[in-house]
Amino acid sequence: MRITIIGLGLIGGSAALAWKEASKEGRFLSSELTITAVDTNPETLDLALELGVADRVTPSIAEGVADADVVLVAVPVLAMGSVMKEVDAAAPVNAVVTDAGSVRSSVITAVRLNVRHERLRHYVPLHPIAGAEKAGLRYATATLYTGATGVVTPLPESDLEDVALVAKLWTLAGLKVVEMTPEEHDRVYAMVSHVPHMIAFALMQMASQSPESETALAAAGGGFRDTTRVAAADARMWADITRGNRQAILDGISRFEAALTHLKGMVAADDYEGYYNYFERTANARRKMTQHLPPVQPTTK
């Protein structure tokens, strides 16, 4: 199997390492695996060869996808449309194309505008829900996806065998794959990923711009550090995600503002029983999330 990965950062690099590990252990889908890396940064391509992440490297999308069986596009979401247009022009007609974007509806719309209709049969969007605050190939690891969730959002046109192939590939990388519609994905991940990042960014802004910022940040404990960990994420990537899922993020921020305003009112009134019960309910919800949710099963499609 020949897999081409376009955009060899943390996400693409970790996928390559995981698939190579599966191949070494004899768990892969074919007896031979060749990974081609496409990236605009020459240093990244050199590092890919040095670390054994890729077997071949090139800065050219057309060259990289010319003989691909599977193409993974792992570029910022606002670049998906233009990259997919180049992939569509150069990849074999039956090559399976997938992407790792954190937003679905806007990416799928961009793909529809930039590829031929027949390509859509072999396009399978899947978002691996994994990452780290440090971006780049140097931080890629074969275990990044172990135990994480992947959300596949097939198009009505998507070939079911291609959907199964993409799900299997990501399962081999360590993901537990579930299926959602693009709209459901964007609403869900606005709530549990995108808006929490917005809150973390705002908390860091509040603390870093306060008159006591130097003392406060130096004295910050584990709670503040844990809550704001994701604020160290890649700014360009998050600017793209914010624009790509803007409406769902705005809706989520509004719901958060309502929850915070409710809590603020109880604190202002010194409603001890009110905020005690508020804390108790949210603590129970957090415990349920981590202890009682059933395991996610791989999709059968």
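The values are calculated or read from the model by the stated rules, or taken from the named source; none is laboratory data. What you see is a predicted model, and the numbers here were worked out from it, not measured in a lab. Neighbour counts are summed over all protein chains in view; Cβ atoms, including those assigned to glycine, are modelled from backbone coordinates with ideal geometry. Heads up: the accessible areas ignore ligands, DNA and RNA and are worked out on the full protein's heavy atoms, side chains in. Shrake-Rupley method; radii C 1.70, N 1.55, O 1.52, S 1.80 Å.
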Problem - Net charge over other residues, Cβ less than 12 angstrom from the Cβ of Lys20 (K, R count +1; D, E count -1) - result: -2
Completion exercise
Going residue by residue through segment 253-264, the Karplus relation 6.51 cos²θ - 1.76 cosθ + 1.60 with θ = phi - 60° gives ³J(HN,Hα) values, rounded to whole Hz and with x marking Gly or Pro, of 4, 4, 5, 5, 4, 5, 5, 5, 5, 4, 5, 4
Completion exercise
One quarter of the C-alpha convex hull surface, i.e. the mean projected area of segment 61-178 in nm², amounts to 7.1 nm²
Completion exercise
Cross-link reach from Lys168 to aspartates and glutamates, straight Cα distance under 14 Å and at least 8 residues apart if same chain, gives Glu179
Practice task
Select from segment 146-214 those GluC sites (Glu not before Pro) which occupy a DSSP coil region and have at most 14 other Cβ atoms within 10 Å, ordered by residue number.
Solution key: Glu157, Glu212
Exercise for the section: In debye, nearest 20, what is the charge dipole magnitude of the chain about its Cα centre with +1 on Lys and Arg Cβ and -1 on Asp and Glu Cβ, if you could check? Expected result: 420 debye
Problem - Surface share of carbon and sulfur [accessible, 1.4 angstrom probe, percent] for segment 162-301 - result: 58 percent
Practice task
For the chain, just run the numbers: alpha carbon Rg, then divide by 2.2 N^0.38 Å, N being how many residues it has.
Solution key: 1.10
Practice task
Return the sequence-ordered ³J(HN,Hα) values of segment 75-81 in whole Hz as given by the Karplus equation 6.51 cos²θ - 1.76 cosθ + 1.60 applied to θ = phi - 60°, using x for Gly and Pro.
Solution key: 10, x, 4, 6, 9, 4, x
Practice task
Using DSSP, restrict attention to beta bridges with both residues in the chain and report what percent are antiparallel, rounded to the nearest 5.
Solution key: 15 percent
Exercise for the section: Using the 2.2 N^0.38 Å rule of thumb for compact globular proteins, work out how segment 79-132 stacks up: its C-alpha Rg over that value, please. Expected result: 1.10
Handout entry: Residues of the chain: accessible area per residue with a 1.4 Å probe, Å²
Key = 52 Å²
Fill in the blank from the handout: Taking 0.36 nm per residue of separation between Leu263 and Thr181 and subtracting their Cα-Cα distance, the length gained on full extension comes to 26.2 nm
Problem - Residue-span extension gain [Leu29 to Arg236] - 0.36 nm each, minus C-alpha spacing - result: 71.1 nm
Problem - Kirkwood hydrodynamic radius (C-alpha pairs) into Stokes-Einstein, segment 122-253, 25 °C and 0.890 mPa s, D in µm²/s - result: 146 µm²/s
Problem - Highest-first arrangement of 99-110, 220-231, 143-154, where packing means the average Cβ count within 10 Å - result: 99-110, 143-154, 220-231
Problem - Within the chain, helix-based [θ] at 222 nm, where runs of 4 or more DSSP H residues each add -39,500 (n - 2.57), nearest 500 - result: -16000 deg cm²/dmol
Practice task
For segment 62-73, take each phi angle, set θ = phi - 60°, evaluate the Karplus expression 6.51 cos²θ - 1.76 cosθ + 1.60, and give the result in whole Hz per residue in order, putting x for glycine and proline.
Solution key: 4, 5, x, 9, 4, 10, 6, 8, 9, 10, 9, 9
Exercise for the section: Compute the length gained on full extension between Arg287 and Ala219: take 0.36 nm times their separation in residues and subtract their Cα-Cα distance, giving the result in nm to one decimal. Expected result: 21.7 nm
Practice task
Enumerate the amide H contacts of Ile129 below 5 Å, restricted to partners 5 or more residues apart or on another chain; note that Pro and chain-start residues carry no placed amide H.
Solution key: Thr149, Gly150, Val151
Practice task
With the convex hull built on the Cα atoms of segment 160-237, state its orientation-averaged projected area in nm².
Solution key: 7.4 nm²
Practice task
Tally up the carbon and sulfur contribution to the accessible surface of segment 10-137 as a whole percent, 1.4 Å probe, everything protein left in place.
Solution key: 51 percent
